[in-house]
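This report concerns only the one structure given below.
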Amino acid sequence: MKRHIIKLSAILGLSALLFGCSKNFVDESKPYNVLNPDIFPENMAQVDYFLNSPYANIHSVELFGFSDLGRFFYNLDHTGDVAWLGTSEWNELQVLHVTAANSYSGTPWRGLYRGVQQARTFIDQIVPNYRQKKGSGLSAADTLALRYKLGEAYYLRAWHYFFLMNLYAQDVVVKGNGDNTAPGVILFTSDIKIGDRADEMRARSTVKQCWDYIIADLKASMAQLTDPNGGKKTWTGADKGRIDYYAAEALLGRALMYEERWMEARDLFLDIVHNSGKSLMSFPDYYNMWNGNPQYSYTENNNTEALHQITIVRSGDNAMAGPSTASAVSLLFTPFFDNGAPGGATPGYGNMFMHDRNLGRFGFPQNYYPTMQGLGTPARTVATAYVDSCTHMKNLKRYATDPDPRLWVSAYQPWVDSVMNNTTRAAILPYGAGTETEYQLNAQQPADVIKHGWSLRKFNLYDMQASQNPRMHGADFYFTRLPEVYLNLAECYWKISGNNADANALDYINRVHRRAWNRPDAAGQDVDYTTITDGSRITKAQLHPNTADPSFTDALSLNALYYETWAETFGEAKWWFNVRRWSLGPNEAKVYEKSRAGAITWNTDDQYALPIVQTEIDRNVNCAQNKGY
């Protein structure tokens, strides 16, 4: 959303509005949870205060302001491995065996339901109150503005429920748009009397009911974001980050896919492709759009492929301490760099690095470890030949021999990549704070202990200057991008035809694949896939076999759609949703096999659903816990 509105929302949360104003703000003849439409809101600016809240909630401390990556998603999907082993909640998430008392798995529940409540307040109270107050005096301009704002609020409620379903529903797929009576999540529908404890204690709705509710919200969003003449609302300038028609259409298409309504979803995605005006960024712009670097601010502010983008503004406040325009999300996985001292330094906590198995999945030689020189001395370093070899892999993009270029979009490679340290560039070093690389331990290690120790790159620091404190970081989030729409569209074509060589499906998969390899977007490129899935390897994924099951083959090596989805969205907190929808849990456990927290095992499909936070179970007698907890 536009920058000045986000700044207001960081200051004026819902509680501040309810309790920080004059005593006339609340009608004292009514319960304190009832807004008096005769007094508030007085004007459109006050209406905006309440719409700001669900926007700002997305980068709250419980969500993408601090916790959601390093403490949460990067563990579930093994984007990262843990350098810090002193927190049991973290370790449980890493090995996919979570207990009901795990506070880290319960944190998103609280943050997401706060967003639901904020959007519901706007839809059910703020807009009706304002319309009632103004009556026939409501101007045509304000009438249209309220229509659009309602569209944004319906989307934001659906977005929060979309995350809740993918994390906490017992199941997520409704086969053939039939029925699925497994427990979904609690739907706080308009009939619930907020403040009435007995009425608020609702049971979880079914999976089918929840998806239908999300779909209805997104259809309402699209309707409100269509003007009376049929025009589809988009935003420009300072408003460009606001939810528009096509953002709602994209999320609706995704929700329909969970009900296997492939034709309906296909038609929505096609409308976005043909009419939204979105286009893929060039590879250099794609590479530079993740780190809040002012040099590339134009790339972030004028992103041509983002459909839902949240502007994160570098600030002077501490984003993990409360409301902020910035984010502290990178604090847990800041990179290690060469500061002239043995072992290097990191400006953050240094708790998480890239899981080593991801290198092989991107096509990097899994056992190609740095050749160290001078081990046992403070001057130990890496052989020049290793750096030269990896630099060629990164820059030459030779499809037959080199790893997927998105590896270096997603991670910083030790000695090959660098960051700014004040006014000079400093080499990235292998991850410290407990990881067992030969460099950090300064001694030769057994092969089963050595780790590459790459740093994560997306949403991370581009420099180490004091102004780039990881508690006040400013890198935009992209929750929906055009490449994902292409891949969703490809899946729809594939499911409709049942043909592994479906020309339309391959076309959209290859559009994403060509950009990654910096090839022209034209058929017949050397990187083009000719089949969606095969019995032998067709992608860059070339992991070594699982040590306990030498016959195991990673599903992503055999399926171009799966692999491209993983590689394109790596580190964006999206892969776990696809793991659930495609039932890839057992595959992922074998791929990653172990982390520093212990063995990663898959014993039951109950592991897909996280436990309902224990406080909810304790206070809501009607809320059933997920199976296995």
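The values are calculated or read from the model by the stated rules, or taken from the named source; none is laboratory data. Just so we're clear, the structure is a prediction, and the values are computed from it rather than from any experiment. Because the Cβ atoms are built from the backbone with ideal geometry, glycine has one as well, and the counts that use them run over all protein chains shown.
Out of THR601, THR553, I need the residue that is surrounded by fewer than 21 Cβ atoms within 10 Å (Cβ to Cβ) and either modelled with pLDDT of 95 or more or in contact with a Phe, Trp or Tyr (Cβ under 7 Å, 6 or more places away or on another chain) (or both). Which one?
Working: THR553 fails: either modelled with pLDDT of 95 or more or in contact with a Phe, Trp or Tyr (Cβ under 7 Å, 6 or more places away or on another chain) (or both).
It is THR601.
From the list ALA100, ALA145, ALA141, ALA45, the one residue that fits, being surrounded by fewer than 17 Cβ atoms within 10 Å (Cβ to Cβ) and within 30 Å of GLY348 (Cα to Cα), is ALA100.
So, ARG380, is that one charged (D, E, K, R) and over 27 Å from the mean Cα position of the chain (by Cα) or not? Yes: the conditions hold for ARG380.
Condition check ((1) farther than 28 Å from ALA589 by Cα; (2) out of contact with any helix residue (DSSP H, G or I) (no Cβ under 8 Å at 6 or more places or on another chain)) across all residues:
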{"site": "ASN469", "(1), (2)": "yes, yes"}
{"site": "TYR486", "(1), (2)": "no, no"}
{"site": "TRP494", "(1), (2)": "no, no"}
{"site": "ILE532", "(1), (2)": "no, no"}
{"site": "SER536", "(1), (2)": "no, no"}
{"site": "PRO545", "(1), (2)": "no, yes"}
{"site": "LEU556", "(1), (2)": "no, no"}
{"site": "GLU564", "(1), (2)": "no, no"}
{"site": "ALA567", "(1), (2)": "no, no"}
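Each row is one residue, and each column tells you yes or no for (1) under 26 Å from TYR431 (Cβ atoms); (2) modelled with pLDDT under 95; (3) in a helix (DSSP H, G or I); (4) in the same structural domain as GLY571 (by TED's automatic domain parsing).
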| position | (1), (2), (3), (4) |
| --- | --- |
| ASP81 | yes, no, no, no |
| GLU92 | yes, no, yes, no |
| GLY115 | no, no, yes, no |
| GLN118 | no, no, yes, no |
| ALA145 | no, no, yes, no |
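Being part of a loop (DSSP other than H, G, I, E, B) and either of a type in the set (Ser, Thr, Tyr) or more than 30 Å from GLU300 (Cβ to Cβ) (or both) is a condition met by no residue of the stretch 244-256. Of all residues in the stretch 203-225, those being more than 17 Å from LEU256 (Cα to Cα) and surrounded by 18 or more Cβ atoms within 10 Å (Cβ to Cβ) number 4. Considering every residue within the stretch 483-499, establish whether at least one is in contact (Cβ under 8 Å) with a residue 24 or more places away in the chain, in a helix (DSSP H, G or I) and surrounded by fewer than 21 Cβ atoms within 10 Å (Cβ to Cβ). The answer is yes; a qualifying residue exists. In the stretch 362-373, the condition of being farther than 16 Å from GLU438 by Cα, among the β-branched types (Val, Ile, Thr) and out of contact with any Leu (no Cβ under 6 Å at 6 or more places or on another chain) is met by no residue.
Based on what the data block shows, is ALA567 under 30 Å from THR334 (Cβ atoms), part of a helix (DSSP H, G or I), small (Gly, Ala, Ser) and modelled with pLDDT of 95 or more? Don't jump to the end; show me each part of the working.
Working: under 30 Å from THR334 (Cβ atoms): yes; part of a helix (DSSP H, G or I): yes; small (Gly, Ala, Ser): yes; modelled with pLDDT of 95 or more: yes.
In short, yes.
Checking each residue in the stretch 599-629 for being under 17 Å from THR107 (Cβ atoms) and part of a loop (DSSP other than H, G, I, E, B) picks out ALA609, LEU610, PRO611, ILE612, VAL613, ASN626, TYR629. Taken together, the residues in the stretch 389-448 that are free of Cβ contacts under 8 Å to residues at least 24 places away in the same chain, assigned to a helix (DSSP H, G or I), more than 25 Å from TRP566 (Cα to Cα) and not hydroxyl-bearing (Ser, Thr, Tyr) amount to 1.
Of all the helices (runs of 4 or more DSSP H) wholly in the stretch 277-373, which have at least 3 residues that are assigned by TED's automatic domain parsing to the domain that holds THR437? Quick ask: steps written out before the conclusion?
Details: elements: 283-287, 297-301, 357-361.
Correct list: 357-361.
In this structure, does ALA216 turn out to be touching a residue at least 40 places away in the same chain (Cβ under 8 Å) and assigned to a helix (DSSP H, G or I)? So that I can check it myself, show each step before the final result.
Details: touching a residue at least 40 places away in the same chain (Cβ under 8 Å): no; assigned to a helix (DSSP H, G or I): yes.
Taking the combined requirement at face value, the residue does not satisfy it.
Within this structure, ASP244 fails the test of being assigned by TED's automatic domain parsing to the domain that holds ARG157, within 28 Å of ALA145 (Cβ to Cβ) and at pLDDT below 95.
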